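Notes to accompany the following structure.
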Amino acid sequence: MSGLRMTAPKVTRRRMPGLKMTRSKSLRWILLAGLLVVVACDRDKAAAREQEKTKDQTPTASGPAAVAAPALNLPPDSGPPPAFDGGRAMQYVKEIVKFGPRPLGSGNHKKVEDYIGSRLKGDQVEDDAFTADTPEGKFPVHNIIAKYPGTKDGIMVIASHYDTNYPLRKTSYIGANDGASSSALLLELANQLRGKPRDGYSVWLVWDDAEEAMKPDTEMPFMDDSLYGIEHVAQKWQADGTLKKVKAFLLADMIGDADLDIDRDQNSTPWLEDVVGEAAKRLGYQSHFFARTNQVSDDHLPFMKRGVPCADLIDFTYGYNNVFWHTPQDTVDKLSPQSLEIVGSVMLESMRILDKMDPLPPK
Ligand SMILES: [Zn+2]
């Protein structure tokens, strides 16, 4: 891994291919890909966007490159969109950030654990607890898994981390977007799933813990010091056979930004991202999806490497040039209930499409 960095790119954070960052998601640094190889640091924004547009034209099912990517066997539109209450999800965001910083091992972390549990009363909830050995010592980790049964054989997993950045624990950093927004989104998804047996796959919501790195970006490779909780889930499910039943893994991260632009992610499964894009289109939300392509290291990687189709829904331009990310300025005033509603509805619509895609594309 090289520590070499480009100076502030104009459109978003990027890396030259092969110049893997010292940190990926804690930096979730974005690798410069394909045509962008030769994009110089001082290339202007418009030109860079043009390059991305060209790159983005390749993997769509209906586009000119459909030969390379087999067309998806999409079911017809199911009509009225699924309900998702963005206002209520926003209320959950506010309740979560009220606890303050929620790093691993803190009293506030325990409070948010209990809070999530309290909102899932009566649901089938599993506490996947273990001790993580980190560069900052040993910490108790709790992944919270709520299970909503369906009639079809198979599981769709929707995940979000709920811890906040550890190195910023002594600042006023509260992770409204990074940690709280997606955790709140899952709580509202639980409201939609509760008490209605699904005519489709089972849905398991996973609030995973210890996603954030323990050491600052500059001190340790992100992939050696992060994703502790979700890696444990993936290993456990591989060992007990659950993993074979997982049809799709949808991840939400930093999805509350009022200026919502979800990136296409090159570390995700193209056909599953196409399903998400189709869901967004059916709901009229396509302008918030996939204008840019990034390559993101995030909680989906332990499932990707085990062959599970994954899609990471992340908006990694949180403020100009992602300036609010991992700063005390990651606060509720930057978020909107509309963004939560858009992502929540697209998640539900994606699930509806996946339920009826028979058979699903091969892993
Ligand atoms: Zn983070």
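The values are calculated or read from the model by the stated rules, or taken from the named source; none is laboratory data. Predicted model only: the values in this text are computed from it and were never measured. We place every Cβ from the backbone using ideal geometry, glycine too, and count neighbours over all the protein chains shown. In case anyone asks, the SASA skips ligands and DNA or RNA and just uses the protein heavy atoms, side chains included. Shrake-Rupley method; radii C 1.70, N 1.55, O 1.52, S 1.80 Å.
In this view, the solvent-accessible surface of D123, computed with a 1.4 Å probe and all protein chains in place, comes to about 30 Å². With all protein chains kept in place, the per residue accessible area of the stretch 212-363 amounts to 33 square angstrom at a probe of 1.4 angstrom. Taking the alpha-carbon centroid of each part, what is the distance from the stretch 216-247 to the stretch 138-179 in angstrom? Between the Cα centres of the stretch 216-247 and the stretch 138-179 lies a distance of 12 Å. Residues whose amide H falls under 5 Å from that of V203, counting only those 5 or more places apart or on a different chain, are Y148, G150, M156, with hydrogens built in the peptide plane. As an equivalent ellipsoid, the stretch 230-340 spans semi-axes of 26, 17, 12 angstrom, where each value is the square root of five times an eigenvalue of the C-alpha gyration tensor, largest first. Largest accessible area first, the listed residues H288, H326 line up as H288, H326 when surface is computed with a 1.4 Å probe on the assembled protein chains. The amide H of A159, built 1.01 Å from its N in the peptide plane, has V206, L250, L251, A252 as neighbours under 5 Å, considering only residues 5 or more places off or on other chains. Just the Cα atoms of the stretch 151-301, one point each, no solvent: what log10 I(q)/I(0) does Debye give at q = 0.11, 0.16, 0.17 Å⁻¹? With no solvent term, the Cα-only Debye profile gives -0.48, -1.04, -1.17. Ordering L120, L72 by accessible surface, largest first, gives L72, L120; the 1.4 Å probe counts only protein heavy atoms, with every chain in place. With only the Cα atoms considered, the stretch 134-228 has a convex hull volume of 111 Å³ per residue.
Once Rg and the Kirkwood radius are both taken over the C-alpha atoms of the stretch 100-179, their ratio Rg/Rh works out to 1.02. Per-peptide packing, taken as the mean over residues of other Cβ atoms within 10 Å, places 139-146, 165-172, 191-198 in the sequence 139-146, 165-172, 191-198 from highest down. Among S182, S106, the sequence by solvent-accessible area, most first, with a 1.4 Å probe is S106, S182. Remark: spin-label model distance D240-K170 equals 3.9 nm, labels positioned 7 Å along the Cα→Cβ axis. Computed extension length for D123-K110: 2.7 nm, one decimal, from 0.36 nm per residue of separation with the Cα-Cα distance subtracted. Oblate is the label for the stretch 274-321, because the ratio a/c of its alpha-carbon gyration tensor axes (a ≥ b ≥ c) is 1.5 or higher and a/b is not greater than b/c.
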